């Protein structure tokens with residue numbers, strides 16, 4: 001194996017994951033430390049650091065404001081994010097770890113193929129929720145009014161990526177072990 005192929009297949013995915021995780025943490029830390037120029041507290045506003053962190057965590061994990069405004073969209077968004085997390089952790093993150101383990105050692109994680117297929121099964125509800133969100137953007141007047149072309153492009157790009165993954169996983173005779181080599 002040449003040094004370039006080893007770098008691209010064996011080292012670059014870990015560098016990308018490192019940059020993504022620590023870049024996200026850095027941007028969030030920077031955002032949380034940025035002073036608010038006009039601090040207008042609306043009752044009942046959270047004032048302590050722990051309360052604000054809890055409020056942000058609840059919003060990020062449970063989409064509380066979306067739940068209050070549109071329950072059907074909340075269900076779709078929550079299912080989409082849970083399925084996307086399962087696909088990312090199960091197929092991409094776990095797949096990168098398993099491929100790296102096989103690349104550097106003669107060992108593999110037991111049951112890795114089963115874990116990848118279970119995680120890939122989450123791609124079907126992910127694709128359905130993305131289609132619903134795309135149709136909602138196209139056919140709902142109020143949503144279409146506030147949508148910009150980048151919104152359509154982002155949802156369509158993610159949908160195409162998921163559909164490509166579903167096709168390669170379930171409808172082709174692609175040998176992933178050969179692809180990883």
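Which ordering of 112, 2 is given by a fewest-first count of other beta-carbon atoms within 10 Å?
2, 112
Expressed as a rounded percentage, what relative contact order does the chain have, with Cα pairs under 8 Å and six or more residues apart?
Rounded, it is 18 percent for the chain.
Share of Cα-Cα pairs in region 112-181 beyond 14 Å, in percent?
Value for region 112-181: 67 percent of Cα pairs lie more than 14 Å apart.
List 132, 87, 118 from most exposed to least, where exposure is judged by having the fewest other Cβ atoms within 10 Å.
In increasing order of surrounding Cβ atoms, one gets 118, 132, 87.
At a 10 angstrom cut-off on C-beta neighbours, averaged per residue, how do the peptides 133-142, 69-78 rank from highest to lowest?
Packing proxy ranking, top to bottom: 69-78, 133-142.
Would you calculate the separation in nanometres between label points at residue 71 and residue 28, each defined as 7 Å from the Cα along the Cα-to-beta-carbon direction?
Here the modelled spin labels are 3.0 nm apart.
If the chain were replaced by its equivalent ellipsoid, with semi-axes equal to the square roots of 5 times the Cα gyration tensor eigenvalues, what would those be, largest first, whole Å?
Sorted largest first and rounded, they come to 36, 24, 15 Å.
Give me the angle, in degrees from 0 to 90, between the Cα long axis of helix 149-170 and the longest principal axis of the Cα atoms of the chain, rounded to the nearest 10.
The angle comes out near 30 degrees.
Using only the alpha-carbon atoms, how far is helix 123-139 inclined from the longest principal axis of the chain? Give it as 0 to 90 degrees, nearest 10.
40 degrees
Show me 152-163, 53-64 ranked by packing, highest mean number of other Cβ atoms within 10 Å first.
In descending order of packing, they fall as 152-163, 53-64.
From the helices alone, meaning DSSP H stretches of at least four residues, give me the mean residue ellipticity at 222 nm for the chain, per-run term -39500 (n - 2.57), in deg cm²/dmol to the nearest 500.
Helices in the chain give a 222 nm mean residue ellipticity of -23000 deg cm²/dmol.
Each reported figure results from applying straightforward, stated rules to the coordinates on display, with no laboratory input. Predicted, not measured: the structure shown is a model, and the values here were computed from it. Positions of Cβ are backbone-derived with ideal geometry, glycine not excepted, and every protein chain shown enters the neighbour counts.
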